[in-house]
Amino acid sequence: MRNKEVAEIFNKVAALLEIKGDNPYRIRAYQKAAQTVEALTVDLESLANQGKLEILPGIGADLANKIKEILKTGTLKIYEDLKREIPLFLLNFLEIPGLGPKKVKVLYEKMGITSIEELEKACREHKIAKLPGFGWKTEENIIKGIKLFKEKTGRKPLGEVLKLAEEIIEILKKESPVENIAVAGSIRRKRETVKDIDILITSFKSEKVMKKITEIPLVEEVIAFGETKTSVRLRPGIQMDVRVVEPDSWGAALAYFTGSKAHNIRVRELALEKGLKINEYGVFKGEEKIAGKTEEEVYASIGLPFIPPELREDRGEIEAALQGNLPKLVEYNEILGDAHVHSKYSDGTASLEEIISKAEKLGIFWVAICDHSQGLKVAGGVSIEDLFKKKKHIEELNKRFDKVKLIFGAEVDILSDGTLDYPDEILAEIDFVIAAIHTGFQQPEEQITNRIISALKHPLVHAVAHPTGRVIGEREPYAVNMTKILELAAKYGKALEINAYYKRLDLNDINSKAAKEKGVPLIIGTDAHFIDQMEYIPLGVAVARRGWCERKDILNTLSYEEFISWLKKVRNQA
Ligand code: DGT
Ligand code: CA
C-alpha cells in the first residue's frame, strides 16, 4: 500500500502552499485529499489501475492525475517546484507539535529564523511571545514541542515501520533470489519506536538481491552499496540496512543483530564465563565453531533456553532464563477479542455491521463497542437517548450473528472532579464501562491520580483506558502516580488497558510488567476509529509480551462467555 506516501505528499504540498499564503480553497483541497487517502481501506494503486480514482470523495480529475503522478514517479512536480521556492527546513518546523503553517510563516518572515536551534534560542529570550498571533502560552508550547520533536527525530513508531518492513520482505521474497530473510533489530524486539530497519538475508546470488533492493520504488536514495551490506533511505524517511550472512551463521547473526545491545553484552559475558567466544558469525571454542546455524543452537551452546526477542532488553530475562523461569508469553493468536472500538455512534467511521465483518476477517470473536460518553462533544459523545438505540442495535445484531459477538460498552469520560460522564443508573445499563481521561491533562499529579482512583473505585467501572494519556512523539504522559494506580486497580480487581493504537501503546511495556507483577488484569483495545485500525491488535500484544505477560494476564484471551462472566464478577464483588 502506498496510500500513506501519497497522503504525506499532499499534506506537505498543502503546508507549503499555506506557508506561501496561497489560495485557501486550493490548500483545503489538498488537505482533504490527504485525509481521504489516509482513511482509505483499499489500495490506491489498484484503484488507479482500474481507473476508479475519481469515485473517491473530493478527488476530481486533477487530483486523480496527481495521485497517478505520485504512484508513477514517487513525487509530484508541484511539490518539487514548491520545495525549490520555499526553504525546506520550514517543513521541519511543521513537525514541531504546536506549530502550524501560519506561525511558521511569521517566524521565517518576521524573525528570519531558519533552524530549530535559532527557534529555541528566540523562545528562551522571550522574543517569540511578542510576535503577532503568538503569546506566552505559544512560546511555552513551542519549547515543549521542540523537546518532543528532538526526542522523536530519528525514531518512528513501530506501527508505521512494521508494515513497511513486511512489505519490503514480501517484495524481496517474490522478486529476488533470497533463501532466508528476516527483520532483526528493534523491530523484531517490537520496541515502541525504531531508528532504522535491519534486515538479514542468506542468498547464493546476493548481488542480484542487492540490485533488486535499489530498484524498489520505496527506496529514495542508496547510501551505501555492497555485496554484503547495502544501506538505503526509504521514502517515508527511514534508513534500511540489509546484510547478507552465511547460512552457517544465520542464527548467530540473527541473535547479534536483534540485540538489544544490553542483552548481547550479557550473553557475551555468559559465553566468556564458559570459555566461549560469541559474535555475529557463531559461537567458538578456540578455533572451532560449535554453534551458529539457528538461534536456539546459539542460546543452547551457552546454557540458555531460547529467549523470545521481545524480552531481550536485559530487564531480568537472562536471570530468569538461567533459573528456568522465563514466562510463557501470551501468543499473538491467543487474542479472541478487541476491547475498545469506536463506531458511528460517536466519532468512529464504521457501522456495527462493518465492525462485525472486520472482526471475522481478523479471526476474533468479540468486540466491545466503546463510544465516547455524552459530555465529550468534540468526539461525538453519545447522548443517553442514542445510548439506548445502540444497546438495542447491538442486541439485534447479536441475535443475527453467531461467530462474532458485540459487547455494549462505553468509554466514559472521567470528569475534572473525578465523577463520571453518565449517571449511575445509566452506567448500570452499560455492559462494559471503560473510563478515561480526555481533559485537564495539565492538572497536578495528585489531582489526576485521584481522578483515576475514583474511577477505579466506582462499582460500575470495569477498566481504565490509556492510563497515562501519552501520544508517542506528540504528547507527554500526564502526571500520574502509577504505583498508586496499580495498587488500587489490584485492590478493586479492575483492569488497565493496553491501548494498541500505534501512537498510544499505553500502558507501555514497563508499566504492563509492573501491572502483571501486582496482579492487575490487562485488557487490549485498538481504540479503532477507522475500521482498518482494528488491525493494530498485535501491537498491543507486543507490548504485553515486552511486559512479560502470559495468557492468564490478558483478558482478551477469554472467550466471549468468559469475558461476560468477568464483567459481571467485577460488579458483583463491588
Ligand atoms: P534502534 O535501531 O535504535 O531502534 O535499535 P536497534 O536495537 O535495532 O539498534 P541498531 O540498529 O543500532 O543495532 C541493531 C542490533 O545490533 C542491536 O540491537 C545490537 C547489535 N549491535 C549494534 N551495535 C552493537 C555493539 O556495539 N555491541 C553489541 N554487542 N551489539 C551491537
Ligand atoms: Ca535498528
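The values are calculated or read from the model by the stated rules, or taken from the named source; none is laboratory data. Just so you know, these numbers come straight off a predicted model, no measurement behind them. Please note: Cβ atoms are built from the backbone with ideal geometry, for glycine as well, and neighbour counts cover all protein chains shown.
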(message) Take residues that are β-branched (Val, Ile, Thr) and more than 17 Å from residue 458 (Cβ to Cβ) and tell me which of the helices (runs of 4 or more DSSP H) falling wholly in segment 477-574 contain 2 or more.
(response) 537-546
(message) Test of understanding: among 181, 187, which residue is within 11 Å of ligand 1 (Cβ to nearest atom) and crowded, with 18+ Cβ neighbours inside 10 Å?
(response) 187
(request) Could you please tell me which pairs satisfy a Cβ distance under 7 Å, a separation of 6+ or placement on different chains, a first residue in segment 253-269 that is more than 14 Å from ligand 2 (Cβ to nearest atom), and a second residue that is of a type in the set (Val, Ile, Thr) and outside any loop (DSSP other than H, G, I, E, B)? (result) 255/298; 266/318; 267/278; 268/278
(message) Quick check on my filter: what residues within segment 111-137 are exposed (fewer than 12 other Cβ atoms within 10 Å of the Cβ) and either in the same structural domain as residue 472 (by TED's automatic domain parsing) or not hydrophobic (A, V, I, L, M, F, W, C) (or both)?
(response) 112, 115, 117, 124, 125, 126, 130, 132, 133, 137
(request) For residue 201, work out the one condition from (1) assigned to a strand (DSSP E or B); (2) more than 16 Å from ligand 1 (Cβ to nearest atom) it doesn't fulfil. (result) (2)
(request) Could you list, in sequence order, all residues of segment 155-176 that are charged (D, E, K, R) and assigned to a helix (DSSP H, G or I)? (result) 160, 163, 166, 167, 170, 173, 174, 175
(message) Please go through segment 297-334 and give me each residue that is among the polar types (S, T, N, Q), in a helix (DSSP H, G or I) and farther than 30 Å from residue 535 by Cα, ordered by number.
(response) 301
(request) May I ask you to say which residue of 45, 69 is farther than 17 Å from residue 12 by Cα, in contact with a Leu (Cβ under 8 Å, 6 or more places away or on another chain) and surrounded by fewer than 18 Cβ atoms within 10 Å (Cβ to Cβ)? (result) 45
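Yes or no, residue by residue, for (1) of a type in the set (Ser, Thr, Tyr); (2) in a helix (DSSP H, G or I); (3) on the phi < 0 side of the Ramachandran plot; (4) not assigned by TED's automatic domain parsing to the domain that holds residue 498:
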{"site": "392", "(1), (2), (3), (4)": "no, yes, yes, no"}
{"site": "412", "(1), (2), (3), (4)": "no, no, yes, no"}
{"site": "417", "(1), (2), (3), (4)": "no, no, yes, no"}
{"site": "422", "(1), (2), (3), (4)": "yes, no, yes, no"}
{"site": "425", "(1), (2), (3), (4)": "no, yes, yes, no"}
{"site": "438", "(1), (2), (3), (4)": "no, no, yes, no"}
(message) Checking the condition more than 15 Å from ligand 2 (Cβ to nearest atom), more than 17 Å from the chain's Cα centre (by Cα) and under 30 Å from residue 90 (Cβ atoms), which residue from 208, 174, 150 passes?
(response) 150
(request) Could you grab me the full set of residues in segment 439-468 that are at pLDDT below 95 and small (Gly, Ala, Ser)? (result) 440
